[in-house]
Amino acid sequence: MEPQDSQGPTGRATASPSTGARDALTDVRGLRVGHAQRTDDGWLTGTTVVLPAAKGAVAGVDARGGAPGTRETDALDPRNLVERVHAVVLSGGSAFGLDAASGVMSWLEEQGRGVPVGTDPSQVVPVVPAAVIFDLGRGGRWSARPDATLGRQAVESAAGTEAGAALPQGCVGAGTGAVVGGLKGGVGTASALLPSGAVVAALVVLNAAGSATDPATGALWAELPGSLHHLPAPAAHAEAERRRATAQEETVRRPAGNLRPALNTTLMVVGTDAALTRAQAQRLAGSAHDGLARAVRPVHLMHDGDAAFALATCERGLGQGEFNEVLTAGAEVVNRSVAKAVRAASGVDGPGGVFPAYGDLYGAHTCGGRSEPA
């Protein structure tokens, strides 16, 4: 993707960022991602781990949903002691799924990764913030939720990947049981290479009470500004809305599909290789919510637990005025990650409900043709 010129806030022409090599969070040097999930025997859930290098990453967090499910987020306050985190865990299972972080902590301790607290090198305490989505019962079994074993599988998967590896999207990891506005949600990721050389990237677990689509046209909110001439045909949109309504009616009849009100949560990790302070990382986490608000409407409802983490690997310096570019890119990569999550998702028809994929309803090449492989 080639940079395009646009007008910056001062009226000068500025270059829009191109994507990184993989258009994924793994384009940030020092970050690896691993997924683990189960889809058998009434399961439809999983865990995703973002794993920095052994030295950890500077981190910030910003939770804006009305029902967050998190752990170790207070430790990221710039006023508090923790300087770096050693992993971030995103998981299904609602508050039960926070147990996945225990498996990640155990693995990190075995590797000697953590805050040194004793004279022996093995005496470390890993700092592992975590957040969860609500997906209980979507596979049919209420008791099927991630635990420490699944968390260990996810971190081992992350550790076993090569630097800069391609990142699976769609119904994987924490996005396995995700739903957005009656459609199947999932994991999406995107990156931006700034003119300065900095990389900013995001991974989103899209599981929102709001909708990712414009109800009037069926276009993805995240793609609408650039695809007005590629809207779905009115007849196709009408048929898609009929099928979506039928699926929602059928879901209510399923044993685990009658939860009211809708319980959800979207999770985000924004990463950069730029050297940020803890306060700057917290500000970057806030920018992630700007991108989410562009792509999902409404957002940050009382039954969403929307939370964003920011990770800075500090591999390169931050130039004067560059932080504003990082913030701008942070919102944009989240916006694109939402679109990619929707397009990469696969539909589900099971005991927990009927959740068609966007591609099932509209095909793979509507709204600008920017479809993403599952």
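A few points about this structure:
- Averaging 1/r over each pair of different alpha-carbon atoms in the range 25-362 and inverting the result gives 19.6 Å, the Kirkwood hydrodynamic radius.
- Residues considered: V180, V354, V124. Largest GNM mean-square fluctuation over the chain, using C-alpha springs under 10 Å, is found at V124.
- Where labels lie 7 Å past Cα in the beta-carbon direction, separation of E241 and W142 in nm: 3.5 nm
- Among H289, H237, H35, residue whose mean-square fluctuation peaks in a GNM of the chain (springs only between Cα atoms under 10 Å): H237
- A cut-off of 5 Å between modelled amide H atoms, ignoring neighbours fewer than 5 places along the same chain, links A357 with K184, G347, V348.
- Sorted peptide list for 166-177, 79-90, criterion being average Cβ within 10 angstrom, highest first: 166-177, 79-90
- Phi to ³J(HN,Hα) by Karplus 6.51 cos²θ - 1.76 cosθ + 1.60 over the range 83-93, Hz, x for Gly, Pro: 8, 9, 10, 10, 5, 10, 10, 10, 8, x, x
- Of all accessible heavy-atom area on the chain, the percent that carbon and sulfur account for (1.4 Å): 52 percent
- In this structure T161 has an accessible area near 40 Å², from a 1.4 Å probe over the protein heavy atoms.
- Protection-proxy order for peptides 266-273, 26-33, each taking the mean of Cβ atoms within 10 Å per residue, highest first: 266-273, 26-33
- Helical content of the chain, expressed as a calculated mean residue ellipticity at 222 nm, amounts to -8000 deg cm²/dmol (DSSP H runs of 4 or more residues, -39,500 (n - 2.57) each, divided by residue number, nearest 500).
- Label point distance in nm, D120-A233, each placed 7 Å from Cα along Cα→Cβ: 7.1 nm
- Gain on full stretching of the segment that runs from T277 to A54 - 0.36 nm per residue minus C-alpha separation: 78.4 nm
- Under-5 Å amide H pairs with T19, H placed in peptide plane, nonlocal only: L193
- Taking the Cα centre of the range 25-362 as origin and assigning +1 to Lys and Arg Cβ atoms and -1 to Asp and Glu Cβ atoms, the resulting dipole is close to 360 debye.
- Counting only protein heavy atoms and a 1.4 Å probe, the range 114-195 has 33 square angstrom of accessible area per residue.
- Choice from F355, F134, F96 with maximal GNM fluctuation in the chain (Cα, 10 Å cutoff): F96
- Highest average packing first - 333-340, 247-254, Cβ atoms within 10 Å: 333-340, 247-254
- Compared with the direct C-alpha span, the chain from R22 to A163 gains 49.6 nm at full extension, assuming 0.36 nm per residue.
- Gap separating the Cα centres of the range 187-247 and the range 39-95, nearest whole Å: 25 Å
- DSSP bridge pairs, the chain: antiparallel proportion in percent, nearest 5: 85 percent
- Selection from M105, G181, V199, by position along the positive dipole direction of the chain (Cβ): G181
- Between L81 and E156, full extension at 0.36 nm per residue minus the direct alpha carbon distance yields a gain of 24.2 nm.
- Helices that extend 24 Å or more along their long axis by alpha-carbon positions and average at least 0.0 on the Kyte-Doolittle scale are, among the DSSP H runs of the chain, 322-344.
The values are calculated or read from the model by the stated rules, or taken from the named source; none is laboratory data. Given the structure is predicted, the values throughout are model-derived calculations rather than measurements. In this analysis, Cβ positions are derived from the backbone assuming ideal geometry, glycine residues included, and neighbour counts consider all displayed protein chains. Heavy atoms of the whole protein, side chains included, go into the accessibility calculation; ligands, DNA and RNA do not. Shrake-Rupley method; radii C 1.70, N 1.55, O 1.52, S 1.80 Å.
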